[in-house]
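One structure is given below, encoded as structure tokens.
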Amino acid sequence: MRSSAASSRGRRIASVALLVLVAGIVALVGALVARGDPSRSAGVVAAGTVATSSGGADPSVGTGGHRGPVTVTTEPVEPAGDAPELPATLPAAGAAVHAPILMYHYVDDEPPTEMGPYAASLTVATGEFRAQAAYLAEHGVETIDFAELYRAMAGISALPTPRVLLTFDDGGADLYTHAFPILKQYGLTATFFIITSEIGKPGYLTWAQLAEMREAGMSVQSHSATHPDLPSCTDERLQTELRESKRAIEQSLGEATFVLCYPAGSYDQRVQEAARDAGYLLAVTTDPGKESSPATPMVLPRVRVQPGLSVGQFAGLIE
Ligand SMILES: [Zn+2]
């Protein structure tokens, strides 16, 4: 009996050991599969970034999922997040809206070295920008967003007077460290046109920073996925640039993405139509002007803010 009991206990121990071993192997294989499968990794990152927009900024997530090659996404993009519920079309005979859309790129004491040879001509000094923000606040110039502009273009709501839109192209890291604190200090809002494949790379904003900026009332819209010359893109590439950037913003930040900023201000009829088809309602150019016409919502002009302006010269831009 002793030997039988002992051998029975021995079998039980062996069975438990075998179970533990099998469980260990299953766990190990599972971990290896998860690590080697890019779609699973991307799913984990995407879930983390979505959580970021509602659950506070976590700098450890939200940067890894957009570094790889841009995937082709030609499926229709569903509206996501806090969709502003804008009408799909504008009255072509409606009156143009006077609301200067100011165009900035970088705000820094020195031009950012990562941004190439044109950065100097695109960098407004931090002190200059602070003086411009102070001017807007002291003169009661309200910063409106593109949803408000669109509703005014549709004739369904009026705008405050005087008003202006502030836009920042390219999504450089300086916009978080220099422009954003000044905007908050003076109670102003702005729209940031980001190149979604660059987000999280050195010199650029992160998704966590963008989520924080949105919490403070800023808007984030599309400047394409990789900043190519859109008119020279193939149809397929064009679709990817327009839809992937919109998808990335909507998925990572939960912001309805309906405004496109053409890279380098470059567009043609095909690009305008592709942008409409991809779900954009408005697009901004680098063409100079202050009137947004409902007849031409995909080619809105802007006002370039050059470096070195006096406050008086700046005041002239927003009249
Ligand atoms: Zn740009």
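The residues of the range 106-142 that are among the acidic types (Asp, Glu) and at pLDDT 95 or above, listed by number, are GLU128, GLU138, GLU142. Evaluating PHE193 against the criteria (1) crowded, with 23+ Cβ neighbours inside 10 Å; (2) part of a helix (DSSP H, G or I) leaves one unmet condition, (2). If the condition is being under 17 Å from THR286 (Cα atoms) and over 22 Å from the mean Cα position of the chain (by Cα), then the range 94-117 contributes HIS98, ALA99. From the list LEU210, LEU183, LEU149, the one residue that fits, being of a type in the set (A, V, I, L, M), within 15 Å of the chain's Cα centre (by Cα) and part of a helix (DSSP H, G or I), is LEU210.
Looking across the range 120-172, the residues that are surrounded by 20 or more Cβ atoms within 10 Å (Cβ to Cβ) and of a type in the set (Phe, Trp, Tyr) come down to PHE129, PHE146, TYR150, PHE168. ARG130 satisfies every condition listed in (1) within 16 Å of the ligand (Cβ to nearest atom); (2) over 19 Å from the mean Cα position of the chain (by Cα) except (1).
Any chance the range 247-254 includes a residue that's among the polar types (S, T, N, Q) and either touching a Ser or Thr at 6+ places or on another chain (Cβ under 6 Å) or within 14 Å of the ligand (Cβ to nearest atom) (or both)? Scanning the range 247-254 turns up at least one residue that is among the polar types (S, T, N, Q) and either touching a Ser or Thr at 6+ places or on another chain (Cβ under 6 Å) or within 14 Å of the ligand (Cβ to nearest atom) (or both). Applying a threshold of 9 Å to beta carbon distances and a minimum spacing of six or more residues, or different chains, the list of pairs starting in the range 280-295 at a residue that is at positive phi and ending at one that is β-branched (Val, Ile, Thr) reads GLY289/ILE101; GLY289/VAL303. Comparison of ALA190, ALA147, ALA179 shows that the only residue that is away from the ligand (no atom under 16 Å from the Cβ), of a type outside the set (Ser, Thr, Tyr) and assigned by TED's automatic domain parsing to the domain that holds PHE258 is ALA147. ASP277: in the same structural domain as THR191 (by TED's automatic domain parsing), under 19 Å from PHE192 (Cα atoms) and acidic (Asp, Glu), yes or no? The answer is no for ASP277. In the range 218-229, which residues are within 15 Å of the ligand (Cβ to nearest atom) and touching a strand residue (DSSP E or B) at 6+ places or on another chain (Cβ under 9 Å)? Hits for the range 218-229 are VAL220, GLN221, SER222, HIS223, SER224. Helices (runs of 4 or more DSSP H) fully within the range 229-319 that include at least 3 residues being crowded, with 16+ Cβ neighbours inside 10 Å: 235-253, 269-277. When the range 161-176 is filtered for residues that are closer than 23 Å to GLY200 by Cβ and either within 16 Å of the ligand (Cβ to nearest atom) or free of Cβ contacts under 8 Å to residues at least 24 places away in the same chain (or both), the ones remaining, listed by number, are THR167, PHE168, ASP169, ASP170, GLY171, GLY172, ALA173, ASP174, LEU175. Count of the range 196-209 residues, restricted to those that are surrounded by 18 or more Cβ atoms within 10 Å (Cβ to Cβ) and either within 16 Å of the ligand (Cβ to nearest atom) or within 17 Å of PHE146 (Cα to Cα) (or both), is 6. Only a single item in (1) in contact (Cβ under 8 Å) with a residue 40 or more places away in the chain; (2) more than 16 Å from the ligand (Cβ to nearest atom) is not met by ALA158, and it is number (1).
The values are calculated or read from the model by the stated rules, or taken from the named source; none is laboratory data. Everything quoted here is computed from the prediction, not taken from an experiment. Backbone-built Cβ (ideal geometry, glycine too); neighbour counts: all protein chains shown.
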